[in-house]
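Structure first, then comments.
The values are calculated or read from the model by the stated rules, or taken from the named source; none is laboratory data. What you see is a predicted model, and the numbers here were worked out from it, not measured in a lab. Please note: Cβ atoms are built from the backbone with ideal geometry, for glycine as well, and neighbour counts cover all protein chains shown. Each accessible area value is taken on the protein alone, full model and side chains, heavy atoms only, with ligands, DNA and RNA left out. Shrake-Rupley method; radii C 1.70, N 1.55, O 1.52, S 1.80 Å.
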Amino acid sequence: MSPRNNRPRGGETPDERPSTGLDRYGLERTEEYQGEDWKVRHVAGASAAGKRYRCPGCDQEIPSGTPHLVAWPEYGGVDDRRHWHKACWNAKDRRTSKVQRSRNAPRY
């Protein structure tokens, strides 16, 4: 039996292949929010064991190990990244500018 051939068929080089939007961290896309472009990436949540994040959409904690999204302005740095629940990110344009907490919600 001959070994498997892993070279691409059709003679295309890696530079000629169509871009799928994948990078080394997973699927990343650009969306518009508050008049600027934001990079959005899915996070499995399993890699950040013991870390908790606060979602800016609902002001609730994202527990360790929970899948969520990370979003940051396109020209922002590491400090501009925000962790969102997927549903909160999808509803960001329908929310008011001031999130109201319930009486029992923690104030961090």
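The modelled label-to-label distance between K92 and L27, using points 7 Å beyond Cα along the C-beta direction, is 1.7 nm. To put it simply, the accessible area of region 53-93 at a 1.4 Å probe is 50 percent carbon and sulfur.
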